[in-house]
Amino acid sequence: MRANNEDAKAYTEYIGKLRVISDATRTEHDKIINWIDGHKFKDGSTGSSIAFVLPTRACKYARASHGGCSFCTLPTDNPWSPSDELLAALADRCVEIFRRKKEEFPDLAAAKFYTSGSFLDPWELPLDARADILEKFDQLVKEIVIETRCEYVTRKQLGHAKDHINPDKVIVAIGQESTNDEINERANNKGHSLKQFTRAVGLLQEYGFGVKGYILLKPIFVSEQMALFDAINTARDMIDLGVGSISVNPCYIGKGTLMEKLFKERAYTPPWLWSVLDVTRKIKELGGEDLIVISDPVAAGQDRGPRNCGKCDKRFREVLKEFSSTQEYELLKTLECDCRVSYDAIVRMEHLAFGNGVSSVSKH
Ligand code: SF4
Ligand SMILES: [Zn+2]
């Protein structure tokens, strides 16, 4: 069943209002947050990558009156009004950070640029600043990951990027979250349809860019079991489209989101780490050696993140992280804990008592 227009409008306005409240705590800054991760390259080798969070103008979709995705808190950490000078200096500052880290991590050979929005949106990150980053890092690393919404995957933006870097080096990540349009519309407020995602993936492939898909595990209004079905169905669709890597992103509670409001009202909890493990295993089985699967949950084991019983959470976190950088499937078989029995019972009970939640459609 689809939401009627009036319901949909009220829903998105509500999300927008929640985000406006959280803006009160937002501060202007010029920080480039960065960290090092293990990395599996497209060619099968392993090494290290550096992730940069750039202080751009933030996601335009999140800043619109409808408030953006119902689970996302990222853009509230951005400065929103960075000066032109700050944006123009980003490439040089990132290079400087990269060179320093390279001394500590000699196998550093990949860079991920997160903007809490879309790297390919010229309003958020001006074309000159984008070109500067791509050109400089083309010389420094063998792989670059950027993120974008589907609407910026256009011939114009891809043509511009291609003028400044070898596209074969670039993986463009899209937060599609789900290929079930009803879940994306009614639970995630995503504003992406499967049709748009399919078009974007095709265009990226035509221009020679790699594609990575993000899957959101356990959106609001969706039962744990439906979340498992949906994540696996989404991965299947992505693999069919030729997506080369998939990141499983279990929900955590971000401040100022509709998800937080439901969490506080005890109407939502993040997924179990068992669900994260099961989905990760299944996707790796579906995609095999050729598919890189990343599953490194944010806030794992914490109150606002995906959790198990408390005793096994740390081990789950470590193993999933190690799997993400090595792709060693056997690692995922090493996780065991008595809480599996409770997990199985609770997932079944929730399904019997409340059904699937927002959508009962399943191809699983
Ligand atoms: S998930 Fe991405 S598209 Fe959605 S509001 Fe957050 S940054 Fe914007
Ligand atoms: Zn446990």
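What residues have an amide H closer than 5 Å to that of residue 246, excluding those fewer than 5 places away on the same chain, when H is modeled at 1.01 Å from N in the peptide plane?
Here the answer is 213, 292, 293, 294, since their amide H atoms fall under 5 Å of that of residue 246.
Taking a probe of 1.4 Å, how large is the accessible area per residue of the range 5-354, in Å²? Working shown, then result.
Numbers: 15200 Å² over 350 residues.
Accessible surface, normalised per residue, equals 43 Å².
Run the helix sum for the chain: -39,500 (n - 2.57) per DSSP H stretch of 4+ residues, divided by residue count, reported at 222 nm to the nearest 500 deg cm²/dmol. Please list the in-between numbers first.
Numbers: 13 runs with 155 residues, N = 364.
Mean residue ellipticity at 222 nm (helix-derived): -13000 deg cm²/dmol.
Residue 265 to residue 163: FRET efficiency via 1/(1 + (r/R0)^6), r the Cβ-Cβ distance, R0 51 Å, to the nearest 0.05? All intermediate terms of the calculation are to be shown ahead of the outcome.
Details: r = 50 Å, r/R0 = 0.98.
The calculated FRET efficiency here is 0.55.
Using the Kirkwood radius over Cα pairs, work out the Stokes-Einstein diffusion coefficient for the chain at 20 °C and 1.002 mPa s, in µm²/s as a whole number.
Diffusion coefficient, whole number: 102 µm²/s.
Might you report the magnitude of the Cβ-based charge dipole of the chain about its Cα centre, with Lys and Arg at +1 and Asp and Glu at -1, to the nearest 20 debye? Don't skip to the answer; put the middle values down first.
Values: 50 positive and 53 negative charges, 116 e Å.
Dipole magnitude for the chain comes out near 560 debye.
So which cysteines of the chain have no other cysteine's Cβ under 4.7 Å from theirs?
Those would be 59, 94, 150, 251, since no other cysteine Cβ in the chain comes under 4.7 Å of theirs.
Enumerate the amide H contacts of residue 70 below 5 Å, restricted to partners 5 or more residues apart or on another chain; note that Pro and chain-start residues carry no placed amide H.
Here the answer is 189, since their amide H atoms fall under 5 Å of that of residue 70.
Among 255/282; 102/169; 31/218; 31/282; 284/314, which pairs are too far apart, with a Cα-Cα distance over 27 Å? All intermediate terms of the calculation are to be shown ahead of the outcome.
Working: 255/282 31 Å; 102/169 19 Å; 31/218 31 Å; 31/282 38 Å; 284/314 22 Å.
Among 255/282; 102/169; 31/218; 31/282; 284/314, the Cα-Cα distance tops 27 Å for 255/282; 31/218; 31/282.
Given contacts defined as C-alpha pairs under 8 Å and at least six residues apart, what's the relative contact order of the chain, whole-number percent?
15 percent
Between the range 57-101 and the range 168-232, what is the C-alpha centre distance in whole Å?
22 Å
Using amide H atoms built 1.01 Å from N in the peptide plane, name the residues 5+ places from residue 217, or on other chains, whose amide H lies under 5 Å from its own.
For residue 217, whose amide H was placed from the backbone, the distant partners under 5 Å are 249, 251.
Compute the length gained on full extension between residue 322 and residue 103: take 0.36 nm times their separation in residues and subtract their Cα-Cα distance, giving the result in nm to one decimal.
Taking 0.36 nm per residue and subtracting the Cα distance, the gain is 76.6 nm.
If R0 is 45 Å, what FRET efficiency do you get for residue 346 and residue 84 from their C-beta distance, rounded to 0.05?
For residue 346 and residue 84, the calculated efficiency is 0.30.
The values are calculated or read from the model by the stated rules, or taken from the named source; none is laboratory data. Just so it is clear, the model here is predicted, and its values are computed rather than measured. Cβ: placed from backbone, ideal geometry, glycine included. Neighbour counts: every protein chain shown. Just the protein is used for accessible areas: all its heavy atoms, side chains included, with ligands, DNA and RNA removed. Shrake-Rupley method; radii C 1.70, N 1.55, O 1.52, S 1.80 Å.
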